[in-house]
Structure formats: structure tokens, C-alpha cells
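Once you've had a glance at the structure underneath, I'll fire off some questions.
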Amino acid sequence: MIPQAERLEQRAERPVSSEETEYHWISERVSDCAFLGPLRDQLGSVAEFFVPRSTAQVQRSALDGTWLLRTTFQGHAVALIWSDFRVKGGSIGKDISHRLCAFLQALSAFNLPLVIKVSSLGVRFMEGRTVFEPAFSVLPAIDRYRRRNLVITLGHGNVLGIGVLIFGLGHYRLTVREDTFVNLTGPEVCRMVFGSGVKFDDIAAAEHQFRRTDLIHELADDLPGGLARVGELLTAFHGTAPGLSPQCQEEAAADTDEERPAIDRLISSFTDGYVELFRQYDDRLRAYIAVIGGQKFGILANPVGNSNNMIRARSLALFSEALTLFQQLKLPVLSLLDTPGADPRMDGNNLQLIERMLGVAEQIIQYPYGKLGIVVGRAFGGACVLGFPKVFGSQHLFGLEGSTMGIMHEKIINQLLAGSAKLKEQWDSVAQTQAPNLDDLIASGAVDAVIRKTDIRRYVSCFLLEPSRSSKNILRQLSPH
């Protein structure tokens with residue numbers, strides 16, 4: 001990892017490697033680079049640019065529409081790829097493709113988070129079809145880098161062609177809400193192929209893509225807002241401060257404020273700070289990074305008490321994206337489950353519900369870091385897998401006082417069996433064994449204990465500090481009622 005200021009103050013004249021001798025690093029004062037204006041409030045005092053060895057001084061025109069640099073971003077050491085739309089539309093040609101791949105190779109020794117701001121018309125087609133191989137070599141190069149390092153992408157303006165593919169490689173993907181278009185091709189081609197009846201703005205606008213696809217995780221109102229949010233995310237992902245969100249700490253003092261969502265009040269009641277991720281992505285599932293005693297962890301939670309918490313395909317997409325991000329950050333994860341089950345209406349955007357449920361189940365089973373589940377309301381049907389059942393490798397599964405679990409709600413079962421006295425009698429006999437306090441599930445080992453809201457912090461703290469400890473030892477130590 002590069003030491004923050006000292007490293008960046010040094011001029012890096014050495015070649016990238018014995019094989020790549022055509023590029024080098026040049027340090028420049030950020031204040032001396034007028035073209036860095038949109039970034040100036042975010043960056044440190046010095047930036048190291050990755051440029052051709054023949055370059056002695058950094059100039060905007062020589063950077064070929066894409067800036068490649070190491071710097072600090074709101075105090076965090078980062079690598080940055082920035083599309084400069086004013087130079088050749090930020091397009092990807094042969095020269096910049098080779099330099100970008102060499103840049104990522106050179107970065108491999110530093111383990112820096114990578115921020116990519118995409119504003120691009122796509123490949124530089126004026127170079128002919130031979131541009132494709134070098135341009136598309138950028139994609140596996142970014143993919144190799146992202147296997148070991150966090151990648152955040154920010155779309156602004158035109159995010160077209162190969163630009164949208166690069167954007168899609170981010171672990172966390174934001175776009176600016178206004179005047180940003182995300183598509184494989186531009187409006188001119190759409191009009192020529194499909195006629196004027198197809199409205200490019202309707203299909204490619206960032207707002208549309210956010211609502212109708214899984215490509216965009218979050219929207220920012222404008223570019224400064226998007227850059228500020230990137231800084232917040234870097235702090236949440238890599239910062240060391242015990243409180244992740246100043247707003248959260250202020251809200252925690254007003255824990256009785258009924259205007260705050262119940263799930264936020266619940267999380268603030270047992271954490272030292274938290275930041276919400278994937279904001280406004282889905283109204284039935286929320287994702288957070290939180291901290292207790294300096295230990296970070298991920299949270300996936302249904303809005304507590306929300307009657308319409310049926311899990312749909314988009315909810316599962318969020319669950320999957322969040323787990324992928326948490327795994328990249330090597331975080332243990334807590335699930336706070338309150339759902340009446342999966343939405344059975346497989347229509348519209350819900351067509352892939354079953355496939356996504358299977359995919360998420362596989363992700364949960366294979367998740368390599370700690371998993372803890374707490375049922376904080378309802379847990380019915382196949383959606384129970386989102387609560388991290390112990391047979392899926394969860395260290396612990398608890399139920400909050402008043403929570404309910406089952407195949408489906410008893411009222412529904414009673415209606416289903418109303419026409420068969422024999423089956424209804426069998427069910428009534430079984431139902432008597434399903435105590436409201438989950439004793440039958442505790443006896444079977446599926447649930448560890450029923451706990452109180454005031455117990456959550458203690459249990460989560462034990463899980464974070466000693467994730468390998470058995471449930472019995474933790475229960476013995478904490479002596480739940």
C-alpha cells in the first residue's frame with residue numbers, strides 16, 4: 001500500500017517492469033493541472049500520472065481522453081481512471097488501451113481501490129476494426145484487478161459501448177441522475193436502425209436503467225454529489241473511524257423519533273455507526289455497512305414491519321450484489337429477516353425469481369466469512385434462506401421476541417385445508433407442537449435462542465470477535481432468558 005502523502009510527493013521515474021518500459025509515472029501538483037478542476041476538492045495535493053515514457057510534462061491533450069493516475073481521494077490512497085469526454089469523446093483507442101492495461105499491471109503491487117469515472121462514446125471506431133482486440137483487452141485487465149481490489153465505477157454523461165461494459169465491472173456502480181445515458185449504442189444509431197419512434201432517452205436514461213435493470217446500484221443528483229458519495233463509500237469500505245456515518249450518530253441520539261424508518265432505529269440501537277448502501281434500489285430489502293467496537297460488518301435487512309416485504313427478483317439482485325461487495329471487503333454479514341415469503345407473481349421484472357433465488361442460495365452457502373441470522377419479524381417459505389439458516393453454514397440463527405417462522409402463515413394453511421377434515425385434523429395436531437416461542441425449532445437445533453432487542457449488540461459483538469465459537473458457548477456466556 002502506498003503511504004499517503006510521502007509516496008505521492010516522490011517523482012516515479014522507474015519503468016513499470018522489465019517488459020513494459022514504454023510508460024512511467026510523473027508526479028504533478030494538482031493545483032498545477034487545470035483540467036483536474038472537477039476533482040480538485042476531492043484530491044490530495046499531488047497526483048502521479050501514468051504516461052508514455054516520451055512524456056516529460058503532463059498535458060491534457062497528451063492523455064488521449066483518459067487520465068490514469070494514483071492519488072489520494074478524500075484522504076484515501078486510490079488509483080483513478082477518468083474519462084475525459086472533451087478529448088475524443090473519452091473513446092477507447094489502441095494507444096490508451098495498451099496504456100490502461102499496463103497501468104493496471106503496474107498497480108497490482110499496491111493493492112489500491114480503483115475508482116473509474118466513465119464518460120465515453122465507446123471504442124474509437126475511426127481507428128478501424130483492428131481497434132477491437134486492444135480495446136476489449138481492457139475488460140479482462142479490469143476483471144483481473146477487481147478480483148483482488150475494490151472497484152467503484154461512476155457513470156456521467158454518455159456511458160456507451162465499451163464504456164458501459166467497463167462501468168458494469170464495478171463492485172459498486174453509481175451514475176449521475178440528470179443527462180446521463182447508459183446503453184450499448186448511442187441515439188444516432190438507434191434512430192437509424194429503429195426509426196424516430198424509439199425514444200433513446202426513454203430506454204437509456206440513467207433513471208430508467210436504475211429502475212428497470214440491475215446495472216446501476218445508486219443514483220447521484222450531479223457529478224459533485226457522485227464524487228462526494230464515492231468518498232463516503234471509500235470511508236465506509238476502508239476507513240478506520242468507529243462511526244461510519246455522522247448522520248447516523250446524530251440520529252442515534254433521537255432514537256425515539258418515529259419519523260425515522262423502523263429498520264434504521266433498530267440498527268442504530270445496537271451499532272456504533274452505519275452507512276446505507278444501494279440507496280433506493282429496492283423497498284423490500286436494505287443493505288448497510290455497520291461497526292461495533294471498531295469491527296465492521298455487512299447488514300442485509302428487510303424494513304421492519306413493512307407489510308409488503310415479499311421478496312422479488314430485484315430484492316434478490318440486491319442481496320446478491322451486496323454479498324459480492326461484502327465478500328470483496330472480507331466482511332462478516334448479519335441478516336435481519338422480516339418477510340412473508342417470496343412474491344409468487346413471476347411476471348414483468350419478477351420473471352427470474354426462481355433462478356435468482358437459487359443463485360443467492362448458492363452464494364450464501366459458499367460465502368467464506370461469518371454469517372449470522374436474526375429473524376426480527378416474519379420468516380416464511382423459501383425466503384427463509386435469506387435469514388442465513390444454519391444448514392447453509394451460518395454460525396448462529398436467533399429469533400427476536402415476537403418473531404414467527406414457518407412454511408407459510410397459519411391463516412393461509414387453515415384456508416388451504418378447509419376443504420379436507422382429515423388433513424385439517426393432521427395439521428391441527430402438528431400446529432400444537434409449533435410453540436409461539438420457537439421451542440420446537442430450538443429443540444431441533446435450527447434456531448439457537450429467542451432473544452430480546454436489547455440482547456442484539458451482545459450477540460453480534462460475540463459473533464464479530466469470536467466467529468468460530470459455538471452457539472452453545474455463546475448462549476452459556478450470555479445466558480439468554
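In the range 340-363, how many residues are at pLDDT 80 or above and open to solvent by less than 90 Å² (accessible area, probe 1.4 Å)?
Final tally of qualifying residues: 11.
Considering every residue within the range 465-480, establish whether at least one is at pLDDT 85 or above, at negative phi and open to solvent by 20 Å² or more (accessible area, probe 1.4 Å).
No, the conditions are met nowhere in the range 465-480.
Per-residue answers, yes or no, for (1) in contact (Cβ under 8 Å) with a residue 60 or more places away in the chain; (2) touching a His at 6+ places or on another chain (Cβ under 8 Å); (3) among the hydrophobic types (A, V, I, L, M, F, W, C):
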residue: Ala77; (1), (2), (3): yes, no, yes
residue: Gly89; (1), (2), (3): yes, no, no
residue: Ser97; (1), (2), (3): no, no, no
residue: Leu104; (1), (2), (3): no, no, yes
residue: Phe110; (1), (2), (3): yes, no, yes
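Out of the residues in the range 299-308 meeting the condition of being surrounded by fewer than 23 Cβ atoms within 10 Å (Cβ to Cβ) and of a type outside the set (A, V, I, L, M), tell me which one is modelled with the highest pLDDT.
Applying the filter and picking the extreme gives Pro303.
Checking the conditions here, which among Glu355, Glu321 is assigned to a helix (DSSP H, G or I) and under 30 Å from Val291 (Cβ atoms)?
Among Glu355, Glu321, only Glu321 is assigned to a helix (DSSP H, G or I) and under 30 Å from Val291 (Cβ atoms).
Assess whether Ile374 counts as being in a strand (DSSP E or B), β-branched (Val, Ile, Thr) and modelled with pLDDT of 85 or more.
Criteria met by Ile374.
Follow-up. Restricting to the range 142-173, count the residues that are of a type in the set (Val, Ile, Thr), out of contact with any Gly (no Cβ under 6 Å at 6 or more places or on another chain) and open to solvent by less than 10 Å² (accessible area, probe 1.4 Å).
2
Please count how many residues of the range 106-125 are more than 23 Å from Leu234 (Cβ to Cβ) and open to solvent by 10 Å² or more (accessible area, probe 1.4 Å).
Residues that pass the stated criteria total 4.
I would also like to ask the following. More than 21 Å from Ala236 (Cβ to Cβ), at pLDDT 95 or above, among the hydrophobic types (A, V, I, L, M, F, W, C) and not in a loop (DSSP other than H, G, I, E, B): does that describe Ile203?
Taking the combined requirement at face value, the residue does not satisfy it.
Turning to a different aspect of this structure: Given the conditions (1) surrounded by fewer than 19 Cβ atoms within 10 Å (Cβ to Cβ); (2) at pLDDT below 90; (3) farther than 21 Å from His396 by Cα, report the number of the one that Gly382 does not fulfil.
(3)
Looking only at the range 318-328, count every residue that is open to solvent by less than 30 Å² (accessible area, probe 1.4 Å) and either modelled with pLDDT under 95 or touching a Phe, Trp or Tyr at 6+ places or on another chain (Cβ under 7 Å) (or both) and tell me the total.
Of the residues in the range 318-328, 4 are open to solvent by less than 30 Å² (accessible area, probe 1.4 Å) and either modelled with pLDDT under 95 or touching a Phe, Trp or Tyr at 6+ places or on another chain (Cβ under 7 Å) (or both).
On to the next question. Do we find that Phe181 is open to solvent by less than 50 Å² (accessible area, probe 1.4 Å), out of contact with any Ser or Thr (no Cβ under 8 Å at 6 or more places or on another chain) and at pLDDT below 95 in this structure?
So Phe181 fits the description; yes.
Across the range 286-300, which residue is nearest to Ser335 (Cα to Cα) among those that are hydrophobic (A, V, I, L, M, F, W, C) and touching a residue at least 60 places away in the same chain (Cβ under 8 Å)?
Step by step, filter the range 286-300, then rank; the result is Leu300.
Against the definition (among the polar types (S, T, N, Q) and modelled with pLDDT of 95 or more), how does Thr175 come out, yes or no?
Yes; evaluated as a whole, the condition is true for this residue.
Out of all the residues in the range 206-220, which are at pLDDT 95 or above and of a type in the set (Asp, Glu)?
Across the range 206-220, the qualifying residue is only Glu218.
With the requirement that a residue be open to solvent by 10 Å² or more (accessible area, probe 1.4 Å), at pLDDT below 60 and part of a helix (DSSP H, G or I), what does the range 243-293 give you?
Passing the criteria: Pro246, Gln247, Gln249, Glu250, Glu251, Ala252.
The values are calculated or read from the model by the stated rules, or taken from the named source; none is laboratory data. This structure is a prediction, so every number in the text was calculated from the model and none was measured. All Cβ positions, glycine included, derive from the backbone under ideal geometry; neighbour counts span all protein chains shown. Surface accessibility is based on the protein's heavy atoms, side chains included, excluding ligands, DNA and RNA. Shrake-Rupley method; radii C 1.70, N 1.55, O 1.52, S 1.80 Å.
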